[in-house]
Structure formats: C-alpha cells, structure tokens
Amino acid sequence: GEITTKDVPGCITAVERKKTAGRAFMFYLRPRFYKYLKPEDRPEGWETYAEMDEKAWKDEQAERKRKRSMMENSESVTSDKMEMESTSNLSPSVADEEMDDTDDDGE
C-alpha cells in the first residue's frame, strides 16, 4: 500500500515552497502511519486523522480488490467465449471432408 499522499492531512499545516523553475511535488506521510513516528514528531490531534485515514485506506483496498476481481472475471469470460468459438467453428476443409463421408455412405 501507499504510505504517502499528495493531499495535506488536516492535522498539519502546508509548507510554503519557494517558487523555483520546474514543478515541485510535496508528499505527506499518511496519517495512519503517524503511530510509527516518535511522539514528539506527531502532530496534535493525529489520532482522529489516523482513524479516518485507516478507514479510507480500507475502502481503497476493498475497491482495488473489487476491480481486480471484475477484471479476472472478465478475462475468464473472454477466454471461455474464445474457447467456445474456436471449438464450434469448423475449418472449411474439415466440413468438406465430413460432407464427403456422408456422400460415400449414401452410395
């Protein structure tokens, strides 16, 4: 899982960056990981944000699992459909041979 976020957690204040050439990206530690920081490094009220982030993370994981499951089911249906099409479509040469066999039986 991701341990950082681009969104500024509500329990910290965003740092103003100096305008420089190029794009600047700021990443923040997800609040659910604040428990691993030293107590003096944790922002005030971090527990509330950690709980909210834990719930958000679980929701994200459930959504990823749901999408993965849908993709696997879609791939399974596609491969089954392709298998059915390949077995139901006879080659013209096979079809001709079968027709020839029926003609011989009729004589």
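Each reported figure results from applying straightforward, stated rules to the coordinates on display, with no laboratory input. The structure presented is a predicted model; accordingly, all values stated were derived computationally and were not measured.
Find how much the distance from V8 to A56 grows on full extension, using 0.36 nm per residue of separation minus their present alpha carbon separation; answer in nm with one decimal.
Working: separation 48, 0.36 × 48 = 17.28 nm, distance 1.46 nm.
Once the chain is fully extended between V8 and A56, it gains 15.8 nm.
Could you name the lysines in cross-link range of K38, using Cα to Cα under 29 Å and dropping any fewer than eight places away on the same chain?
Once the sequence-local lysines are set aside, what remains near K38 is K6, K18, K55, K58.
Length gain on complete extension for the stretch E63 to T20, per 0.36 nm per residue less the alpha carbon to alpha carbon distance? Write out the running numbers ahead of the final one.
On the way: separation 43, 0.36 × 43 = 15.48 nm, distance 3.77 nm.
Full extension from E63 to T20 adds 11.7 nm.
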